[in-house]
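Notes for the one structure printed next.
Bear in mind that the values in this text are calculations on the coordinates, not laboratory data. No experiment lies behind these values; they were computed from the predicted model shown. Methodologically, a virtual Cβ is constructed for each residue, glycine included, from the backbone with ideal geometry; neighbour enumeration extends over all protein chains shown.
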Amino acid sequence: MAVTVFTIGFTKKTAEIFFELLRKNNVKKLVDIRLHNASQLAGFAKSDDLKYFLKAILGIEYFHIADFAPTKDILDDYKKKKITWAEYEKKFNELLASRKVTDKYNILDFDKACFLCSEDSADKCHRRLLVESFKHKYSDLEIIHLK
């Protein structure tokens with residue numbers, strides 16, 4: 001059975017663009033995979049506000065899954081340039097494996113779900129690494145990065 005998942009970052013997007021991307025792509029649920037999802041700097045994407053907006057505007061369910069977020073150490077080391085992107089990828093993929101995310105979570109539960117992080121591009125973001133880890137287990141998984 002084919003499953004489609006989306007990823008999105010809220011940075012450099014207005015609320016209008018963000019919610020329209022979700023609407024146009026018929027997203028059914030949003031899965032917040034940020035380590036810090038309640039920051040005041042997140043604007044409309046602050047967890048409690050986002051949960052309300054998603055339900056009120058689009059009828060979309062909101063979930064936060066901490067298993068899908070990097071650890072503070074991995075994230076801080078990358079942000080402070082103590083590790084390269086390649087090292088970050090390796091550490092994050094090892095973290096996903098140790099958490100057994102592809103065994104613990106069934107990809108079928110995420111059909112038409114969108115994985116949210118803050119980075120504007122999926123290129124150097126853990127959301128891409130996360131969905132690619134599922135793709136290794138479920139070859140018919142379609143991944144669409146919303147821009």
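Hey, can you tell me all the residues within region 75-90 that are closer than 21 Å to Asn37 by Cβ and either under 17 Å from the mean Cα position of the chain (by Cα) or among the aliphatic types (A, V, I, L, M) (or both)? Listed by number, the residues that qualify are Leu75, Tyr88. Does Leu35 satisfy the condition of being closer than 21 Å to Lys104 by Cβ and not small (Gly, Ala, Ser)? Taking the combined requirement at face value, the residue satisfies it.
Residue pairs whose Cβ atoms lie under 6 Å apart, sitting 6 or more positions apart in sequence or on different chains, and linking a residue in region 96-108 that is within 13 Å of Val3 (Cβ to Cβ) to a partner that is in a loop (DSSP other than H, G, I, E, B), are Ile107/Tyr138.
Yes or no: Ser121 in contact with a helix residue (DSSP H, G or I) (Cβ under 6 Å, 6 or more places away or on another chain), in contact (Cβ under 8 Å) with a residue 12 or more places away in the chain and hydroxyl-bearing (Ser, Thr, Tyr)? No, not satisfied. Scanning region 93-147 for residues that are within 20 Å of Asp32 (Cβ to Cβ) and basic (Lys, Arg) yields Arg99, Lys104, Lys112, Lys124, Arg127, Arg128, Lys147. Selection within region 106-126: residues that are within 17 Å of Leu146 (Cα to Cα) and of a type in the set (A, V, I, L, M, F, W, C). The member of this set that is farthest from the chain's Cα centre (by Cα) is Phe110. Using the structure shown, decide if Leu129 is free of Cβ contacts under 8 Å to residues at least 60 places away in the same chain and either exposed (fewer than 12 other Cβ atoms within 10 Å of the Cβ) or within 17 Å of the chain's Cα centre (by Cα) (or both). The answer is yes for Leu129. Can we say Ala69 is under 25 Å from Tyr52 (Cβ atoms), touching a Phe, Trp or Tyr at 6+ places or on another chain (Cβ under 9 Å) and in contact (Cβ under 8 Å) with a residue 24 or more places away in the chain? Answer is no for this residue. Given the condition surrounded by fewer than 18 Cβ atoms within 10 Å (Cβ to Cβ) and assigned to a helix (DSSP H, G or I), answer yes or no: does some residue in region 136-147 qualify? Among the residues of region 136-147, at least one is surrounded by fewer than 18 Cβ atoms within 10 Å (Cβ to Cβ) and assigned to a helix (DSSP H, G or I), which makes the answer yes. Of all residues in region 112-133, which are out of contact with any Gly (no Cβ under 8 Å at 6 or more places or on another chain) and not hydroxyl-bearing (Ser, Thr, Tyr)? Within region 112-133, Lys112, Ala113, Cys114, Phe115, Asp123, Lys124, His126, Arg128, Leu129, Leu130, Val131, Glu132 qualify. May I ask you to list the residues in region 9-51 that are aliphatic (A, V, I, L, M) and under 13 Å from Lys112 (Cβ atoms)? Leu22, Val27, Leu30, Val31 - these are the residues of region 9-51 that are aliphatic (A, V, I, L, M) and under 13 Å from Lys112 (Cβ atoms).
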